[in-house]
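Asker: Below is one structure. I have some questions about it.
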Amino acid sequence: MATTRRDYYEVLGIVRGSSDEEIKKAFRALARELHPDVSDAPDAEERFKEVVEAYEVLSSSERREVYDRFGHEGLRSGGFTPTFDLGNLSDLFSAFFGDDLFGVGARRARRGADVGAEVEIELVDAARGVKQEVPIRVAVPCDDCKASGAEPGTSPVQCTSCGGSGRVQQVSRSVFGEFIRTQACARCNGSGRVIESPCKTCRGAGRILDERRLDVEIPPGIHDGQRIRISGEGHVGLPGTEAGDVYVLVHVKPDPRFAREGNDIFSTVDLTMTEAALGAHITVPTLDGDLELEFEPGTQPGEVRVLDDRGMPVLQGRGRGDHRILVNVALPRRLSAEQRKLLEDFAGTADDETYAAEDGFFQRLKSAFR
């Protein structure tokens, strides 16, 4: 029998909306308490695995967003399976020995930070896919000092505290045995160099903020609120390290002509009483442009016309949803004397056969949701 996974926030003992630091703090506390080599509790190993899995999801901004919106099922459908990846392993050791074990803290600090941006597109563009220019404010290398941070004509000097390695070491002993703890040098902040004459342009940072415009490819079928990750286009890191990423939040503007439900599109068409009774050719809007449809004589209000494969494309997949069109029939609100007389004459000649129904109301209702 399949087991039911607990809510990840409940596993870590935190609430939705908790910050990254709160998530990490909760994980470390539970890791120290439940690690099988530390705890004697009979269920320690299972609880420990549960905590690691919860942290693996909530510590990733992308996985956390999917989980918050769609729960465990959303993660499974996206191909997520729990692993014991290097990032979690580093945080696990940090729970016992601090952030700087094996230089983890120093290496993470040097990587460039991520950048967030937002873009708004039309529903039709979301259906077709579009290239959008997105403005970002991002840290780039300083041209004046060539990213060294030192005033032109001078150079950084080797740190005397760490000998240029950027790290100092000490030995720690614990229940796991003996570990060599590598800690970032406090004097040079792990860079191995000291800037005695900082660059006046970047004030020794080696980076300056710049306004840039990034061309973002938005794939067909994207949903409102989804994000696109662009690797390596974020803030630059320290020399020799990777730049951060850019996360573009996509807003799809509501289209007054359509309603979207998953990959299906819904709209309405208005027929007059006579058009519905006598039949008509009506032009309706679709995601692919206007389309002329023929409505047979005797078209009933509430009928649904299904246009196969004219909905939204499946994101990163094949095929499209359908476009379902609900028929509304408009009745006259004001009649002239002549029009009233004509309708009265019609009513006098109509019989049961005139209004004989082919499908009942519930049959049409089922058809609408099929």
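The values are calculated or read from the model by the stated rules, or taken from the named source; none is laboratory data. Note that the structure is a prediction, hence the values are computed from the model and not measured. Positions of Cβ are generated from backbone atoms using ideal geometry, with glycine treated the same way; all protein chains shown enter the neighbour counts.
Asker: So Glu275 fits all but one of (1) over 36 Å from the mean Cα position of the chain (by Cα); (2) part of a loop (DSSP other than H, G, I, E, B); what number is the exception?
Answerer: For Glu275, the failing item is (2).
Asker: A follow-up question, please. I need every pair where a residue in the stretch 201-223 that is on the phi > 0 side of the Ramachandran plot has its Cβ under 7 Å from the Cβ of a residue that is part of a loop (DSSP other than H, G, I, E, B) and among the hydrophobic types (A, V, I, L, M, F, W, C), sequence separation at least 6 or different chains.
Answerer: Qualifying pairs under 7 Å: Gly204/Ile195; Gly206/Cys142; Gly206/Cys145; Gly206/Ala147; Gly221/Met312; Gly221/Val314; Gly221/Leu315.
Asker: While we're here: Take Ala126 and tell me if it is aliphatic (A, V, I, L, M) and at pLDDT 90 or above.
Answerer: Numbers: aliphatic (A, V, I, L, M): yes; at pLDDT 90 or above: yes.
Spelling it out, Ala126 is indeed aliphatic (A, V, I, L, M) and at pLDDT 90 or above.
Asker: Does Glu242 satisfy the criteria of being exposed (fewer than 15 other Cβ atoms within 10 Å of the Cβ) and either under 30 Å from Gly166 (Cα atoms) or within 20 Å of the chain's Cα centre (by Cα) (or both)? Let's see the steps before the verdict.
Answerer: Details: exposed (fewer than 15 other Cβ atoms within 10 Å of the Cβ): yes; either under 30 Å from Gly166 (Cα atoms) or within 20 Å of the chain's Cα centre (by Cα) (or both): yes.
Yes: the conditions hold for Glu242.
Asker: Of all residues in the stretch 179-221, which are of a type in the set (Val, Ile, Thr) and farther than 27 Å from Ala117 by Cα? So that I can check it myself, show each step before the final result.
Answerer: Restricting attention to the stretch 179-221, the residues satisfying the condition of being of a type in the set (Val, Ile, Thr) are 180, 182, 194-195, 201, 208, 216, 218.
Within the stretch 179-221, Ile180, Thr182, Val194, Ile195 meet the criteria.
Asker: Leu291 - would you say it is free of Cβ contacts under 8 Å to residues at least 60 places away in the same chain and of a type in the set (A, V, I, L, M)?
Answerer: Working: free of Cβ contacts under 8 Å to residues at least 60 places away in the same chain: yes; of a type in the set (A, V, I, L, M): yes.
So Leu291 passes the test.
Asker: Small (Gly, Ala, Ser), surrounded by 15 or more Cβ atoms within 10 Å (Cβ to Cβ) and touching a Cys at 6+ places or on another chain (Cβ under 9 Å) - does that describe any residue in the stretch 206-220? Even if it seems obvious, please write down each step before you answer.
Answerer: Going through the stretch 206-220, the residues small (Gly, Ala, Ser) turn out to be 206.
Pick out the ones that are also surrounded by 15 or more Cβ atoms within 10 Å (Cβ to Cβ) and you get 206.
Imposing the further condition that a residue be touching a Cys at 6+ places or on another chain (Cβ under 9 Å) reduces the set to 206.
Taking every residue of the stretch 206-220 in turn, at least one turns out to be small (Gly, Ala, Ser), surrounded by 15 or more Cβ atoms within 10 Å (Cβ to Cβ) and touching a Cys at 6+ places or on another chain (Cβ under 9 Å).
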